[in-house]
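Colleague: First the structure, then my questions, so here it is.
The values are calculated or read from the model by the stated rules, or taken from the named source; none is laboratory data. What you see is a predicted model, and the numbers here were worked out from it, not measured in a lab. Virtual Cβ from ideal backbone geometry, glycine too; neighbours counted across all protein chains shown. These area figures cover heavy atoms from the full protein model, side chains too; ligands, DNA and RNA do not enter into them. Shrake-Rupley method; radii C 1.70, N 1.55, O 1.52, S 1.80 Å.
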Amino acid sequence: MEDEPTFDPDLIHAIFKNVWTRRAQERARNEAEDVIEGEAAAGPSKKNRSTSANANGLKLSCELLRLFVTEAIQRAATIADAEGSTKIEATHLERILPQLLLDF
Amino acid sequence: MNGSKGEEEEESVRELLRDRFRLSSISIARSEALRGGMEVSDPVLACIGDLSFKYAEKLAVDLELFARHAGRKSVNMEDVILSTHRNEQLSVSLRSISNTIKVKEPQSEKKRKKPPRKEDKSVPSTIHIDDL
């Protein structure tokens, strides 16, 4: 039971960082446009510094993402089971997808 | 501006991360199905991998907004729990997971196995791809 696969916090951190850097770049670009249009802004603002995450926050994010995957499988498995199948097919996933996406 | 080159690099990093994420999520899905004595067809695995990656990216945006709204630069467990506020059961189970993480924390702190990872903030990115 102990070697159950889960997400690597470092991988999740890298993904989050990637998103945050992209957003920070976008913000910087928008700000640069503002400066050209209007008066000079009061120096480079702190707002553009990219966000980080602490270790526990990352661990909990990993758990949340793992829950998403396991919920998808469990719900689809219930449908497959009800249809007397032992293999989860795309149609089973389709059935549970709307509610799954609303729940997360 | 060297923005476009940086963005291209960001994009290729993103694809690499996406593939690694998909692999993890597929192995989680497989093992979860196996526990229920089920098999999973390949399109379903691919779909779940994709969906969960999109969810992860949305989660990243939410968490950043929540942390900033609280005046923090760092995302913590409260932000993650807040992101599930629409689903009470999910919040409750995340809350209990967060408590077990908190309980485990002091022990791992004593061990001090890998403290430098969070301290090298001077390095902007945690990913290094040497063979590109």
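Colleague: Give, rounded to the nearest 20 debye, the magnitude of the charge dipole that segment A:9-103 has about its Cα centre when Lys and Arg contribute +1 at Cβ and Asp and Glu contribute -1 at Cβ.
Modeller: Numbers: 13 positive and 14 negative charges, 84 e Å.
In total the dipole reaches around 400 debye.
Colleague: Now a separate question. Which FRET efficiency, nearest 0.05, do A:Ala90 and B:Gln89 yield, Cβ-Cβ r, R0 30 Å?
Modeller: Working: r = 27 Å, r/R0 = 0.89.
Efficiency for this residue pair is about 0.65.
Colleague: If you don't mind, there's one more thing I want to ask. Using only the Cα atoms of segment B:1-113, construct the convex hull and provide its projected area averaged over every direction, in square nanometres to one decimal.
Modeller: Here the figure is 11.0 nm², rounded to one decimal.
Colleague: Same structure, new question: Please report the buried accessible area for the interface of B with A, total over both chains, probe 1.4 Å, in Å² to the nearest 100.
Modeller: 5500
Colleague: Where does each of A:Thr21, A:Thr91 land when they are ordered by accessible area, with a 1.4 Å probe and the largest first?
Modeller: Numbers: A:Thr21 45, A:Thr91 80 Å².
Largest to smallest exposure gives the sequence A:Thr91, A:Thr21.
Colleague: Also: Taking a temperature of 4 °C and a viscosity of 1.567 mPa s, what whole-number D in µm²/s does Stokes-Einstein yield for segment A:9-103 with Rh from Kirkwood over alpha carbon pairs?
Modeller: Answer, rounded: 76 µm²/s.
Colleague: Given the pairs A:Lys87/B:Lys58; B:Lys58/B:Lys104; A:Lys17/B:Lys5; A:Lys59/B:Lys73; A:Lys17/B:Lys104; A:Lys17/B:Lys54, which are separated by over 23 angstrom at their Cα positions? Walk me through the numbers on the way to the answer.
Modeller: Details: A:Lys87/B:Lys58 30 Å; B:Lys58/B:Lys104 28 Å; A:Lys17/B:Lys5 18 Å; A:Lys59/B:Lys73 18 Å; A:Lys17/B:Lys104 25 Å; A:Lys17/B:Lys54 15 Å.
Long pairs (Cα-Cα over 23 Å): A:Lys87/B:Lys58; B:Lys58/B:Lys104; A:Lys17/B:Lys104.
Colleague: Provide B:Arg20, B:Arg86, B:Arg30 ordered by accessible surface of protein heavy atoms (probe 1.4 Å), highest first.
Modeller: In descending accessible area the options line up as B:Arg86, B:Arg30, B:Arg20.
Colleague: May I pose another question? Give me the number: length gained by fully extending B:Lys58 to B:Asp42, i.e. 0.36 nm times residue separation minus the C-alpha to C-alpha distance, one decimal in nm.
Modeller: Stretched out fully, the B:Lys58 to B:Asp42 stretch lengthens by 3.3 nm.
Colleague: Applying the Karplus parametrisation 6.51 cos²θ - 1.76 cosθ + 1.60 with θ = phi - 60° to the phi angles of segment A:74-80, what ³J(HN,Hα) value in whole Hz is obtained for each residue in order, glycine and proline being reported as x?
Modeller: 4, 5, 5, 5, 4, 5, 4
Colleague: Under the rule of at least 5 residues apart or a separate chain, name every residue whose amide H is placed under 5 Å from the amide H of A:Lys87.
Modeller: Sorted by chain and number, the residues that satisfy this are B:Glu39.
Colleague: Would you tell me the accessible area of B:His85, worked out with a 1.4 angstrom probe on the heavy atoms of the protein chains, in Å² to the nearest 10?
Modeller: Spelled out: B:His85, probe radius 1.4 Å, area about 120 Å².
Colleague: What longest range of chain A stays clear of loop-exposed GluC sites (Glu not before Pro) (DSSP non-H/G/I/E/B, at most 12 other C-beta within 10 angstrom)?
Modeller: Here the longest segment lacking exposed loop sites spans A:40-82.
Colleague: Counting only other chains, and only Cβ atoms inside 10 Å, what mean value do you get across the residues of B:50-61? It would help to have the intermediate numbers written out before the result.
Modeller: Working: counts 0, 8, 7, 2, 1, 6, 11, 5, 2, 9, 13, 5.
Mean partner shielding for this stretch: 6.
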